[in-house]
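Below is one structure, written out as structure tokens; the observations come after it.
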Amino acid sequence: MKLFYAIFLLLLSIHFCDAQNLQRRGRLGVQLEPVTDSLAQVLGLKEAWGMAIRRVFPGGTYANAGGMDGDVLLNINGLPAVQGAALQEAMQSVREGQPARFTVWRNGEKKELEGAVSPIPLETSASSDVIYGEVPYKGGWLRAIVNKPHTPGPHPTIYFIPGYTCSSVESFSPIHPYKKLLDSLSGLGYAIFRVEKPGVGDNVGTGNCQELGFDNELEAYRIAYEAMKQYDFIDMDNVFIWGHSMGGVYAPIIGAQTQPKGVVVYGITHEVWVEYLLKMVRYQNPLLGHDYVETDLDVRTLYALLYEHYYLGKSSKELYKNPDYQKILDRDFAFDGEDQILFRHEDFWRELNAHNLSEAWAGINGHVLSLFGEADMEAVNDESQREIARIVNANNAGFGTFRLVPETDHSMIKVGSMEKGARLRSTPEYRQYLETKFNYDIVTMTDEWIKGILTLPR
């Protein structure tokens, strides 16, 4: 009886909106790595194509289809399973209620597999009800996830916008900084609103995240802001956009368009994007062990590269033919040889570069809290965060606040100094920091700042 009651309560804490146009995405349940030339030769493949399956996890969709460790995944539902945007699109096709079909290479021959889709488990929360909604977007649908506090509403609301990667904003792992941030704010009585960026999560008909530009994502966040009005427990007069990293770049643009009560940002820049990229290489590379003189030469090369790419319109692939540019594109920008820079399409960054972020910050009529982590190597230094507060105050005196978050890195983890954070970032030890050293002072600063604004006379 107790077990039944516990399950009943869990089901009550998860809600779907009445109309659902989105099918739950499936959990493939595999550990993948790209097929290399040498592996293709060993396996008898004519070319390096597909994804090698190192491990199949029980209960996943691939296990349901009879998949085995050592298979090479060639196609998913007829779509190519090759690293990058194509793989993301193929995995997005695996949906609850539909069979999943796989073409694989096993023991020197192709095989066709088919099995039932195992959906990704729904998110749950001890401090709130989790509501799954959807937002119409350019002929498709975006998944919205909303945390509704157990206390009576309407509630002041955090509209959370994440960083730039093509990752889901749902069901973060227990050690993920976003989970700790949002669970803590939800526990303090805030409703939390998130929306999947186009091409991610349960979304359908929204394009492929890795092929879309900055402005597509911007439009999704703007449309989703308006969709909050459908929830009667959200107090639309007291919405606070909370942007982390690239989410904090979107935040002022959305804020200037929608005029929320306030905006909170952490780990961002307000500069012209090419200006930030020059600073990024100038300040980050010595922290990562590169020689200062070499860095100076690299920055000079980067000046020319950025001018040709952003202002003369040359593609990354064309610029890669220059051996001086190759070094920087490979080392500092994770170029894939085609059109992906830092895991997004090159047009994403070009569109971002066209936005005047200072103008966006000047256009916000609400309050702004600009946070800088003292060990945030990605943000480089506190100059931009301080400037944001100054821009806001120039238009609305007293509305912009800058706060330093001591010893804290880009992931909101307390690491000590920027130098130590740079040493830790690629080590197994950093996982221990993720587990135990999230800086909850960020939650406290946010909560105290919002409560101070809510007590102001209207």
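So Lys279 ticks every box in (1) within 19 Å of Thr157 (Cα to Cα); (2) in contact (Cβ under 8 Å) with a residue 24 or more places away in the chain; (3) of a type outside the set (A, V, I, L, M); (4) not in a loop (DSSP other than H, G, I, E, B) but one. Which box is left unticked?
Checking Lys279 against (1) within 19 Å of Thr157 (Cα to Cα); (2) in contact (Cβ under 8 Å) with a residue 24 or more places away in the chain; (3) of a type outside the set (A, V, I, L, M); (4) not in a loop (DSSP other than H, G, I, E, B), the one that fails is (1).
Based on what the data block shows, is Leu288 more than 29 Å from Ile253 (Cα to Cα), touching a helix residue (DSSP H, G or I) at 6+ places or on another chain (Cβ under 8 Å) and exposed (fewer than 15 other Cβ atoms within 10 Å of the Cβ)?
Yes.
Scan the range 81-108 and report the pairs whose first residue is touching a residue at least 40 places away in the same chain (Cβ under 8 Å) and at positive phi and whose second residue is buried (at least 19 other Cβ atoms within 10 Å of the Cβ) and part of a helix (DSSP H, G or I), with Cβ atoms within less than 9 Å and a gap of 6+ or a chain change.
The qualifying pairs are Gly84/Gln210.
What number of residues within the range 411-424 are over 15 Å from Ile175 (Cβ atoms) and in contact (Cβ under 8 Å) with a residue 24 or more places away in the chain?
Total satisfying the criteria: 7.
Determine if the range 106-126 includes at least one residue that is within 27 Å of Gly262 (Cβ to Cβ), assigned to a strand (DSSP E or B) and within 19 Å of the chain's Cα centre (by Cα).
Within the range 106-126 (the criterion being within 27 Å of Gly262 (Cβ to Cβ), assigned to a strand (DSSP E or B) and within 19 Å of the chain's Cα centre (by Cα)), the answer is no, since none of the residues qualifies.
Filter the range 416-458 for residues that are assigned to a helix (DSSP H, G or I) and of a type in the set (Phe, Trp, Tyr); which is farthest from Ser370 (Cα to Cα)?
Tyr430
Scan the range 287-295 and give yes if some residue there is outside the structural domain of Asn238 (by TED's automatic domain parsing), free of Cβ contacts under 8 Å to residues at least 12 places away in the same chain and closer than 27 Å to Gly213 by Cα, otherwise no.
Among the residues of the range 287-295, not one is outside the structural domain of Asn238 (by TED's automatic domain parsing), free of Cβ contacts under 8 Å to residues at least 12 places away in the same chain and closer than 27 Å to Gly213 by Cα, which makes the answer no.
Among the numbered criteria (1) among the hydrophobic types (A, V, I, L, M, F, W, C); (2) buried (at least 17 other Cβ atoms within 10 Å of the Cβ); (3) at pLDDT below 90, which one does Ala126 miss?
(2)
Which count do you get for residues in the range 64-96 that are assigned to a loop (DSSP other than H, G, I, E, B) and among the hydrophobic types (A, V, I, L, M, F, W, C)?
Looking only at that region, the number is 5.
Please work out if Lys148 is part of a strand (DSSP E or B) and among the basic types (Lys, Arg).
It is true that Lys148 is part of a strand (DSSP E or B) and among the basic types (Lys, Arg).
Given the structure, is Gly199 assigned by TED's automatic domain parsing to the domain that holds Ile450, at positive phi, surrounded by 18 or more Cβ atoms within 10 Å (Cβ to Cβ) and not in a helix (DSSP H, G or I)?
yes
Just to be sure I understand, how many residues within the range 333-388 are on the phi > 0 side of the Ramachandran plot and without any contact (Cβ under 8 Å) to a residue 24 or more places away in the chain?
Adding up the residues that qualify gives 2.
Working carefully through the options Leu22, Leu32, find the one that is in contact with a Phe, Trp or Tyr (Cβ under 6 Å, 6 or more places away or on another chain), closer than 21 Å to Ser168 by Cα and at pLDDT below 95.
The unique qualifying residue is Leu22.
Quick check on Thr258: is it β-branched (Val, Ile, Thr) and in the same structural domain as Trp242 (by TED's automatic domain parsing)?
Yes.
The values are calculated or read from the model by the stated rules, or taken from the named source; none is laboratory data. Nothing here was measured: the structure is a model prediction, and the numbers come from that model. Positions of Cβ are backbone-derived with ideal geometry, glycine not excepted, and every protein chain shown enters the neighbour counts.
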